[in-house]
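Report on one structure; see the data block that follows.
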Ligand SMILES: CC(C)(COP(=O)(O)OP(=O)(O)OC[C@H]1O[C@@H](n2cnc3c(N)ncnc32)[C@H](O)[C@@H]1OP(=O)(O)O)[C@@H](O)C(=O)NCCC(=O)NCCS
């Protein structure tokens, strides 16, 4: 699977909005079908020096298309400066092709070798087996269960 990884741009908002709303992604992140493109544009414009976001871009019928995104967000509080949170999503049709692992490797290299962070946090629904398998293979450990963490398909789901 050919793809490139590059820093996010404001014009990626249209793709990212589509990803956040699509079946097969929305359920496992905190997306909602009514989300508007300008919300994502504003979010990208608001990114600061503590935010490190990359996209995976493919060429589909000669047209460039963003099919994955990852964000590493360092805590701004000076006493939490050693830690960051991470979030990731891959287009439904491009999952299971190595893009998620490649995006993670990109931010973990930043975290380990260029920012010297010591802690990376993430939340994941307890039934998101694919994501949990990826995270554990990268060295993440389960620290606990957050009960009733978010609404998902008619239920309060645990993370
Ligand atoms: C979870 C997600 C980020 C993984 O990215 P991906 O590009 O699909 O995964 P990759 O192809 O890089 O595979 C990475 C690992 O995931 C696991 N994996 C991939 N496909 C899998 C499947 N069908 N079943 C179980 N595990 C699977 C494997 O451990 C795999 O390791 P390998 O490289 O040794 O095969 C992606 O599927 C996704 O965005 N899903 C929807 C949104 C989401 O769940 N985001 C995370 C919210 S916390």
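Every number in this text was worked out from the coordinates using simple rules, so none of it is lab data. Keep in mind that this is a model prediction, so the values were computed, not measured. All Cβ positions, glycine included, derive from the backbone under ideal geometry; neighbour counts span all protein chains shown.
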**Item:** Extension gain (nm, one decimal) between residue 121 and residue 6, 0.36 nm per residue minus Cα-Cα
**Value:** 39.1 nm
**Request:** Using Cα centres only, tell me the gap between the stretch 78-96 and the stretch 27-65 in whole Å.
**Result:** 12
**Asked** Dividing the convex hull volume of the Cα atoms of the chain by its residue count, what figure in Å³ per residue is obtained?
**Response** 126
**Prompt:** For the residue pair residue 114 and residue 136, what label-to-label distance in nm results when each label sits 7 Å from Cα along the Cα-to-beta-carbon direction?
**Reply:** 3.1
**Message:** Using helices alone, I'd like the mean residue ellipticity at 222 nm for the chain: each DSSP H run of four-plus residues gives -39500 (n - 2.57), total over residue count, nearest 500.
**Reply:** -7000 deg cm²/dmol
**Message:** I want the antiparallel fraction of DSSP beta bridges within the chain, as a percent rounded to 5.
**Reply:** 90
**Message:** Please rank 40, 28, 145, fewest neighbouring Cβ atoms within 10 Å first, as an exposure proxy.
**Reply:** 145, 28, 40
